[in-house]
Each structure stands twice: as C-alpha cells, then as structure tokens.
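Quick note: the coordinates plus some simple rules give every number you see, no bench work behind them. As the structure is a computational prediction, the values presented were derived from the model and not from experiment. Here the Cβ positions follow ideal geometry from the backbone for every residue, glycine too, while neighbour counts run over all protein chains shown.
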2 protein chains.
Amino acid sequence: MKIPAGRPSSRKRILEAAEALAREQGPGNISLDAVAARAGLSKGGLLYNFPTKAKLLEALVEMHIERAETALERSIGAGPEGRNAMALAYLRYCRQEMIDRPEPASGVLAAIAENPEFIDPVRRYQKQVMERLRERSADLELSTLAFLAIEGFWSLRLMESDCIRPDEVQRVLDRLERELEGVDPA
Amino acid sequence: MKIPAGRPSSRKRILEAAEALAREQGPGNISLDAVAARAGLSKGGLLYNFPTKAKLLEALVEMHIERAETALERSIGAGPEGRNAMALAYLRYCRQEMIDRPEPASGVLAAIAENPEFIDPVRRYQKQVMERLRERSADLELSTLAFLAIEGFWSLRLMESDCIRPDEVQRVLDRLERELEGVDPA
DNA sequence: ATTACTGTACCGTCCGGACGGTATTGTCAA
DNA sequence: TTGACAATACCGTCCGGACGGTACAGTAAT
C-alpha cells in the first residue's frame, strides 16, 4: 500500500487501462496483454500487481464501490437532516458524479461478463443504500422512486444512450429534488 | 421460414439456450459449443442457423427488442387516451412483463460484452420510446421520471438484485401510475 | 537485500469457424 | 414410377490463433 508518487501508482494505471479498454473494445474483450500495453508496463509487471485476471476484475469492481461509498458519505455529511435526507443525499451525490465522472463504469460490466458473481459487492452496496433509505425517509415510496430513477440513469449512461437530453435530465432531477424536500407528504 | 412444429424451431431453441447460458455462466462466457450442446444440436447445426457468432448475438438482441416492441404496442392499444397515455402504457407493459418473464435479458449483456455496437438497436428503441413520450405527455417531467424508474427496474433485474422487495416495487409503481393518471399537474 | 518491475519464451486450453460429409424430403422430366 | 438432381437441416472433425498463466533471468532504485 505504498504510494511511489511521480506518476500514478501502477495499480491505479492498470485499473484505469482496463476500464478504458472495457469501454472501447467491449467489456468481454479485455486481455491481459492489452491491459498491460495500455497501462504502459509489461505483462509480467501486470501479473506482479494482480496475480490473476479474476483479482484484477475484482479490484475493478471494488474501486467503483469505494468511490461511490466515499462520495455518498460525503454527500450525506454535507446535506441537512430534512424530510428525506438519505434520498436527497443520494440524488445530490448522483448529480455531482454526473459532472465529475462522465465516463460510464464499464469495468463493472467487464467483471460481470467474466463471472456474474463479481456483482455481489454491487448488490451489497445497493442493499445498504436501500436499508438507509428505509430508515430515513418521510416518504419511502418517493425515496424508492428516486433510487430507481437514479439506477435508470446509471444504466442509460452505461449504454451511452442519449435518448434523454441533459437538460431534460436536469429538469427531472430538479423536480425530484423539490418533491423530496417536500411541500407535503400526501 | 417454415415451421416444422413438434418442438420449437432450432432457431428459437438456440436463442433460448444462449440466453440461459449467458445468465448462468456469465454473459462473456457463451461458446458456440456450449450453446449447441444446450440447444440439443451439433456445432455444425448451430452454424447452419447462425453463420457466425456475431449473427447469433445480433439475433439475441433483436429478439428482445421485438418482444418489447410488440408488448408495448399491445399495451398502447389497450390503454385509454388519457393524460400521460404513453408513459402509462409503458409502465403497464413493464408491470405485465415483470409477471410474464421473470428472467432478466442476459442475452443483451452477452452481445454487449462481445461488441458494444450491438447495443445500437436498444438505443434506437429507447429513443423511439422517449420520442413518443415527448409527443404524448401532459407532464413530460413525470413521464420521463417514470421512464427512468422503469429503466432502473430493468437494470436491477438484470443484476438479479433484491435490494427492493417486490411489494415495495408494487407500491412505487402504483403511486407512479396514480400520479401519471393525474389529479392535477402543478 | 528487497521491491518492483522488464522481457522473453513458452505451455495448455479454449474457441470460432471452415469444411466435408449425410439423411431426409421434395421436384420433375422421361 | 422411377431415376436424377437439389434443397434443407443438420453432424463431426480439424485447424489456427488468441489468451491466461508460468518461469525465469536480468535490472534499476531504495
């Protein structure tokens, strides 16, 4: 767990290379040779960092979840303790992520393509989010709706679908945010 | 285009075998041999029906889109010409599909894994749905929200995530349906 | 001496796809 | 009605290449 500094650590470079390849060549077509070449090291070097392809894919999924968890945690910390606090935090984290990271999380698809078991951590993460929504929602149905819509948004981004224009997305999320902040429940 | 009857046509059996394998072994792990074996014919026979693997995956995507299109069309025909007719039809089609076809559309993932270009038909389909929503919505934001939520729902099903309980899903969709039917816009 | 690699050579396996058969069922002229 | 041919729907094998992974000798920095 050392950070040699200078250029990003090999581990990080490898993970980003794998991610980029998954996006460009298709999630099922990332070979160790290609990843190594793209990351700017030898195959031996790659296998030094990740002894098997499975470990690499596992790390890819883990990276995304860790990013999501810390960003979400930050959003929860920043937000107020209002009516549907958790859903609002989740929605705001999602909006920030849209700006910060326009690229889809194709690495996760690559992992799933290889072995469906690699989604398990994602499922755990989602379950945890839903659990917190259940605890901290004045209007659970509305919060769940927000969760589903955000999930749908990730999914569209994953397929790089442009069926909804950015301004339309903004308006929908604005509306959702207003309703979560809540004028009245029912 | 003959229908030999007796058991389902080889084409259909092959597509279903590929689908099942994608679900079980992972979308990136369907080999022609495995598909042939599962479909109950030889590799030669498979390649007679689908001259290349790409054609098979293409057909897999096409099958899903055709199913979705006809089911959606039927739902549009059955529904009334109310306030947010298109979104309501889409939502009702989705609810019906939940019952009729509990298995996720893993075949589409298999195609994407091999070559991201295979999503193009899906994107076209989504664009077409959104276009119709734009034409036939009293409250476009709400309709778009419904579209996103449904997309999210498909996505959760694709990952076989059980983070939301079925009864919770039902309640959210009930609520969405009521709001789309509309007591008042704003 | 340890860490973090590079570079090359290699192995075994899997997989897509080409290809040469084969069985069955028409079709049609003589 | 029979023989000639052809189309349909497959079977089973084989080949070449890609890929995951191993092994190992060397190296430059710390």
Original post:
For chain B, what is the calculated [θ] at 222 nm in deg cm²/dmol (nearest 500), taking -39500 (n - 2.57) for each run of four or more DSSP H residues and dividing by its residue count?
Top reply: -23500 deg cm²/dmol
Original post:
How many nm separate the modelled label positions at A:A34 and A:S9, each set 7 Å beyond the Cα in the direction of the Cβ?
Top reply: 2.6 nm
**OP:** One decimal, nm, shortest first: give the distances between the label point of A:R171 and those of the same position in the other copies, each label point 7 Å from Cα along Cα→Cβ.
**Re:** 3.1
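Only Lys, Arg, Asp and Glu count, each charged at its Cβ (+1, +1, -1, -1), so figure out the dipole size of the range A:55-181 about its Cα centre, rounded to 20 debye. The partial results should precede the final answer.
On the way: 18 positive and 25 negative charges, 44 e Å.
Magnitude of the dipole: close to 220 debye.
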Subject >> Under 16 Å from the B:R123 label point (7 Å along Cα→beta-carbon), backbone N, the range A:163-177 >> reply: A:163-166
Subject >> Nearest-20 debye value, the protein assembly as shown charge dipole, Cβ charges on Lys, Arg, Asp, Glu >> reply: 1200 debye
Original post:
On a 0 to 90 degree scale, rounded to 10, what angle separates helix A:10-25 from the longest Cα axis of chain A?
Top reply: 80 degrees
**OP:** Kindly express, to the nearest 10 degrees and within the range 0 to 90, the angle between helix B:53-78's C-alpha long axis and the longest C-alpha principal axis of chain B.
**Re:** 30 degrees
**OP:** Give me the net charge of B:F50's neighbourhood, meaning all other residues with Cβ under 9 Å from the Cβ of B:F50; Lys, Arg count +1, Asp, Glu -1.
**Re:** +2
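Which pairs in the list A:K43/B:K43; A:K53/B:K12; A:K43/B:K53; B:K12/B:K127; A:K55/B:K127; A:K53/B:K43 are over 31 Å apart, alpha-carbon to alpha-carbon?
On the way: A:K43/B:K43 34 Å; A:K53/B:K12 34 Å; A:K43/B:K53 29 Å; B:K12/B:K127 27 Å; A:K55/B:K127 37 Å; A:K53/B:K43 29 Å.
Where the Cα-Cα span goes over 31 Å, the pairs concerned are A:K43/B:K43; A:K53/B:K12; A:K55/B:K127.
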**OP:** Mind checking which of B:A85, B:H64, B:A18 is farthest towards the positive end of the range B:1-111's charge dipole, using Cβ charges of +1 (Lys, Arg) and -1 (Asp, Glu) about the Cα centre?
**Re:** B:A18
**OP:** Could you give the size of the charge dipole of the range B:144-186 about its Cα centre, using +1 on the Cβ of each K and R and -1 on the Cβ of each D and E, expressed in debye and rounded to the nearest 20?
**Re:** 80 debye
Original post:
Taking only Cα atoms, what is the 0 to 90° angle, nearest 10, from helix B:120-135's long axis to the longest principal axis of chain B?
Top reply: 20 degrees
Original post:
If we hang a label 7 Å off Cα along the beta carbon direction at B:E117, how far is it from the matching labels on the other copies, in nm, shortest first?
Top reply: 3.5
Original post:
Between A:E177 and B:D100, what is the label-to-label distance in nm when each label sits 7 Å out along the Cα-to-Cβ direction?
Top reply: 3.9 nm
Subject >> Distance from the range A:54-68 to the range B:108-186 (C-alpha centre basis), Å >> reply: 27 Å
Original post:
Hey, what do the phi angles of the range B:137-143 turn into as Karplus ³J(HN,Hα) couplings, whole Hz, using 6.51/-1.76/1.60 and θ = phi - 60°, x for Gly and Pro?
Top reply: 10, 6, 10, 5, 4, 5, 4
Subject >> Most mobile of A:A17, A:A146, A:A78 in a GNM of chain A (Cα contacts under 10 Å) >> reply: A:A78
Original post:
What residue among B:L176, B:A111, B:A149 has its Cα farthest toward the positive end of the dipole of the range B:57-181, where the charges are +1 on Lys, Arg and -1 on Asp, Glu, each on the Cβ?
Top reply: B:L176
